[in-house]
Structures are given as C-alpha cells and as structure tokens.
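One structure is given here, and the rest of the page talks about it.
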Amino acid sequence: MANLKVRIYKDNSSEPETTVTVAGAILKIASKLIPKKATESLQNKGIDLNEIVKLSENPEVRGTLVEVEDHEKNERIIVALE
C-alpha cells in the first residue's frame, strides 16, 4: 500500500508549512481513528477518505490525488499517494 501524504502550503510558499504522512500499512486502521469532525471537514473540501484508502491499495495509483486551493486563507492542500 502507498503512503498517504498531506502537504499544507501557506502564502504561496514553495515549501510546505505542514506535512502529514500516514504509512500505507496502517492507513486503513488510521482512517477509522480520525475524528468524525475532521472527516467531515475533508468531505466539505471534496476529499473522500474512504476512497483514498481504496486507491492506496492499487499499486498503479500514485501521485497527487487532490489539490485544494483556499484563496481566502491563502492556503493550498495537496493529498498524494507515494
């Protein structure tokens, strides 16, 4: 399984302010531990965590899955499988 990487960029920076990595081996279990409020927040941005878990099991799926730009917050979030 691929690792899930979430990178958060602020103020048009080329370097992420925050990077979260979840090991592919525990992604399925870890996704069940994420608080419902956080999962709903991802859903509101169009990110389906359950679908990402399914995709991580496919060895052909790698790279950026979702890129969300919040212009009001001057923030960019990239969700990728690596």
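Derivation of every value follows stated rules applied to the coordinates shown; laboratory data play no part. Quantities reported herein were computed from a predicted structural model and do not represent experimental measurements. Cβ sites come from the backbone with ideal geometry, for glycine too, and all protein chains shown count toward neighbours.
Values as computed for the structure displayed
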| read-out | value |
| --- | --- |
| Amide H contacts of L65 (H built 1.01 Å from N, under 5 Å, at least 5 apart or other chain) | V79, A80, L81 |
| Net charge, S14 excluded, C-beta distance under 15 Å - Lys, Arg +1, Asp, Glu -1 | -3 |
| Full-extension gain in nm, N50 to K73, via 0.36 nm per residue minus C-alpha separation | 5.7 nm |
| Net charge of neighbours whose Cβ lies under 12 Å from the Cβ of E82, counting Lys and Arg as +1 and Asp and Glu as -1 | +3 |
| Computed label-point distance, nm, for sites E15 and N3 using a 7 Å Cα→Cβ extension | 1.9 nm |
| Rel. contact order, % - alpha carbon contacts under 8 angstrom, at least six apart, the chain | 40 percent |
| Reference-scaled alpha-carbon Rg (2.2 N^0.38 Å with N residues) for the chain | 1.08 |
| Projected label distance in nm at S41 and A25, using a 7 Å step from Cα toward the beta-carbon | 2.9 nm |
| Residue order, fewest to most surrounding Cβ atoms within 10 angstrom, among T18, T39 | T18, T39 |
| Per-residue Cβ neighbour rank within 10 angstrom, fewest leading, R62, R76 | R62, R76 |
| Packing-based exposure ordering (other Cβ within 10 Å, fewest first) of L49, L33 | L33, L49 |
